[in-house]
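Pasting a structure below so you can have a look.
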Amino acid sequence: MGNLLKVLTREIENYPHFFLDFENAQPTDCEREVWNQVNTVLQDSESILSGLQAYKGAGQEIRDAIQNPNDMLLQERAWNSVCPLVIRLKKFYGFSLRLEKALQSLLESLTCPPYTPTQHLEKEQALAKQFAEILHFTLRFDELKMRIPAIQNDFSYYRRTISRNRINNMNLDIESEVNNEMANRMSLFYAEATPMLKTLSTATTNFVTENKTLPLENTTDVLSTMASVCKCNKTVCLSLDYTSRFNSEDTLLFCMRVMVGVIILYDHVHPNGAFNKSSKIDMKGCIKVLKEQPADNVEGLLNALKFTTKHLNDESTPKNIRTMLQ
């Protein structure tokens, strides 16, 4: 992960060439305040991913309890297995709210006048790096979550049990941790196939809606430029004499995830979406880059483009783009 990345802007007229150092960028004095705020969130991201990766679920305990409704020992065993998992799920959900605020802080910094979005990305590389790291985390989280059906099963069992006990006038200690309102919000969050991406898409849309005096292009140009930064493969890098900088598989996968993330955000924010011919994102080139990677590395990313974008199936989307994603 890391390495210097050069904006590949042949397809975007008048965009300057500049380097964005995803590995070594350090905050300037002007960036420091926002960087510190966002860093407080990002420094917890690996522990969140580790917690999700270690999530095993309480499937067997729940099945035993359901099959033996009169066995109080099995009921207690299932409940005691599920409660710590629900607390962990609450932690993940709480992190999504922190990440949402961090993303909006970065958008404020990277889109505000008098600089253009491209100038912001060039001058405020540490913030651009954090923006990329948020998207990288988001795609990793959602890829893991989609492989763990136990999350929704565990949470459904928790809610059913809470409802049943409430009817029986039983108060459970965990309700002080996860009350009914919190459970409703968590339920909506985990019902999404890609809950973190959904959170960031909504946050970006809200940012545009709430900042009516800020031109839409300020936000979409940040996203399209980031897509160009990350649209890199070994063939392109070879032609630009950057092969030594892009041999790391981790760096390539980092770029792929960030590229897909900004495409999805762009598609949700721009009225015409990312797939329209007028889009500033070279969708054909981006999909081609993904298709050239090992299938196991990019299957989840291609599925994210298929199922979490907003405009893919619009009539204005070129047929060849839809065909590439079939």
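Taking the 0 to 90 degree range and rounding to the nearest ten, how far is the long axis of helix 32-42 tilted relative to the main principal axis of the chain, both from C-alpha atoms?
Tilt of helix 32-42: around 40 degrees.
Something else about it: What are the ³J(HN,Hα) values, in whole Hz, obtained from phi via the Karplus relation 6.51 cos²θ - 1.76 cosθ + 1.60 with θ = phi - 60°, for each residue of region 122-138 in sequence order, with x given for Gly and Pro?
Here the 3J(HN,Hα) series is 6, 7, 10, 5, 5, 6, 4, 4, 5, 4, 5, 5, 5, 5, 4, 4, 4 Hz.
Farthest toward the dipole's positive end in region 1-325, which of L127, Y190, L214, given Cβ charges of +1 (Lys, Arg) and -1 (Asp, Glu) about the Cα centre?
Y190
Among V222, V82, V38, whose mean-square fluctuation peaks in a Gaussian network model of the chain (Cα, cutoff 10 Å)?
Checking each option, the largest mean-square fluctuation is seen for V82.
Moving on. Could you calculate the contour length gain from S163 to I148, that is, 0.36 nm times the residue separation minus the distance between their Cα atoms, to one decimal place in nm?
Working it through step by step, the gained length comes to 3.0 nm.
Given contacts defined as C-alpha pairs under 8 Å and at least six residues apart, what's the relative contact order of the chain, whole-number percent?
Rounded, it is 21 percent for the chain.
Which value, in Å³ per residue, describes the convex hull spanned by the Cα atoms of region 1-325?
In region 1-325, the Cα hull volume divided by residue count equals 154 Å³.
To the nearest 10 degrees, how steeply does helix 216-230 sit against the main Cα axis of the chain, on a 0 to 90 scale?
In the chain, helix 216-230 runs at an angle near 90 degrees to the longest axis.
Turning to a different aspect of this structure: What is the dipole size for the chain, taken about its Cα centre, with +1 at each Lys and Arg Cβ and -1 at each Asp and Glu Cβ, in debye to the nearest 20?
Roughly 780 debye for the chain.
Compute the normalised compactness of region 59-112: alpha-carbon radius of gyration over 2.2 N^0.38 Å, N being the residue count.
Computed over Cα atoms of region 59-112, the ratio equals 1.96.
Please compare each pair in K91/K291; K145/K277; K90/K212; K56/K198; K101/K277; K91/K288 to a cut-off of 30 Å on the Cα-Cα distance and tell me which ones are over it.
K91/K291; K145/K277; K90/K212; K101/K277; K91/K288
Separate question: Please compute the net charge surrounding I321, taking Lys and Arg as +1 and Asp and Glu as -1 over other residues with Cβ under 10 Å from its Cβ.
+4
Now a separate question. Determine how many Å³ per residue the convex hull of the Cα atoms of region 250-302 encloses.
Convex hull of Cα atoms, per residue: 69 Å³.
Read-outs: derived from the displayed coordinates by stated rules, not from any lab. Just so we're clear, the structure is a prediction, and the values are computed from it rather than from any experiment. Neighbour counts run over all protein chains shown; Cβ positions are idealised from the backbone, glycine included.
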